[in-house]
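K.L.:
Before I ask anything, here is the structure I am working with.
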Amino acid sequence: MIFKNSSFLKSVMIASLPLYVLSSFTSSREDEVLSKKIIIENTFAAKSESTVSIEEDLRTALLNFGKSLLGTRYVYGGTSKKGFDCSGFVYFVFKNFKISVPRSTSQFKNFGTEIPINEVKKGDILLFLSPTRNAIGHIGIVSNADGMQSKFIHSSSGKQMQVMISSLSHKSYTRRFVKAIRVLQ
């Protein structure tokens, strides 16, 4: 196959140029190996930064989608825009991005990777005890990560009865907080 005036060939030649230029100015075999190693390490670092950016973009998109549902009414057992319960909301938001999470709050107890609260990121999940029993009974998605001052979006069965953003620092959530988990790696 001949690549006459091909943009593909030009990009391959341009991508190879830094490696060729560096290796042609080296004075010894050790310098050449070191120069090539630096370029390879920089290439992997750029890919790693790209992966972080993709993860951050997913977290932002997930939160933006969740925020688009603010004000949706609370409906026990609800999993649609007609109404959500807390786990139905989390399930619906993650499902929109083809990310599988449990449908029931109690199933989150052993799901995901537990993380210290001071390491949460937006898109992580917070678990709370039920206000009436000693079991996981409420769940929300971190919208603004700040340790125990973090804010989270959730479908509240409280006074507001809707999807809303609350602060983990509010005493009713602080005393019921169980753990934070990470689903997005």
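Derivation of every value follows stated rules applied to the coordinates shown; laboratory data play no part. Keep in mind it's a predicted model, so treat the numbers as computed, not measured. Because the Cβ atoms are built from the backbone with ideal geometry, glycine has one as well, and the counts that use them run over all protein chains shown.
K.L.:
Please list the non-local residues whose amide H lies under 5 Å from the amide H of Ile115, H modeled 1.01 Å from N, same-chain partners needing a gap of 5 or more.
P.N.:
Ala180, Ile181, Arg182
K.L.:
When the Karplus curve 6.51 cos²θ - 1.76 cosθ + 1.60 is applied with θ = phi - 60°, which whole-Hz ³J(HN,Hα) does each residue of region 167-174 get, with x for Gly and Pro?
P.N.:
Taking θ as phi minus 60°, the curve returns 9, 4, 6, 5, 4, 5, 8, 4 Hz for region 167-174.
K.L.:
While we're here: Which of the pairs Lys122/Lys179; Lys98/Lys159; Lys151/Lys171; Lys98/Lys171; Lys67/Lys171; Lys82/Lys121 have their Cα atoms more than 25 Å apart in this structure?
P.N.:
Correct reply: Lys98/Lys159; Lys98/Lys171; Lys82/Lys121.
K.L.:
Charges at C-beta only: +1 for Lys and Arg, -1 for Asp and Glu. How large is the resulting dipole of region 86-129 about its Cα centre, in Debye rounded to 20?
P.N.:
Working: 6 positive and 3 negative charges, 47 e Å.
The calculated dipole for region 86-129 is roughly 220 debye.
K.L.:
Using modelled amide H (1.01 Å from N, peptide plane; none on Pro or chain starts), what sits under 5 Å from the amide H of Leu168, excluding residues fewer than 5 places away?
P.N.:
Residues meeting the criterion, in which the H sits 1.01 Å from N, are Ser150, Lys151, Phe152.
K.L.:
Can you give me the long-range amide H partners of Gln162? Hydrogens built in the peptide plane at 1.01 Å from N, cutoff under 5 Å, separation of 5 or more residues or another chain.
P.N.:
Tyr74, Ser156
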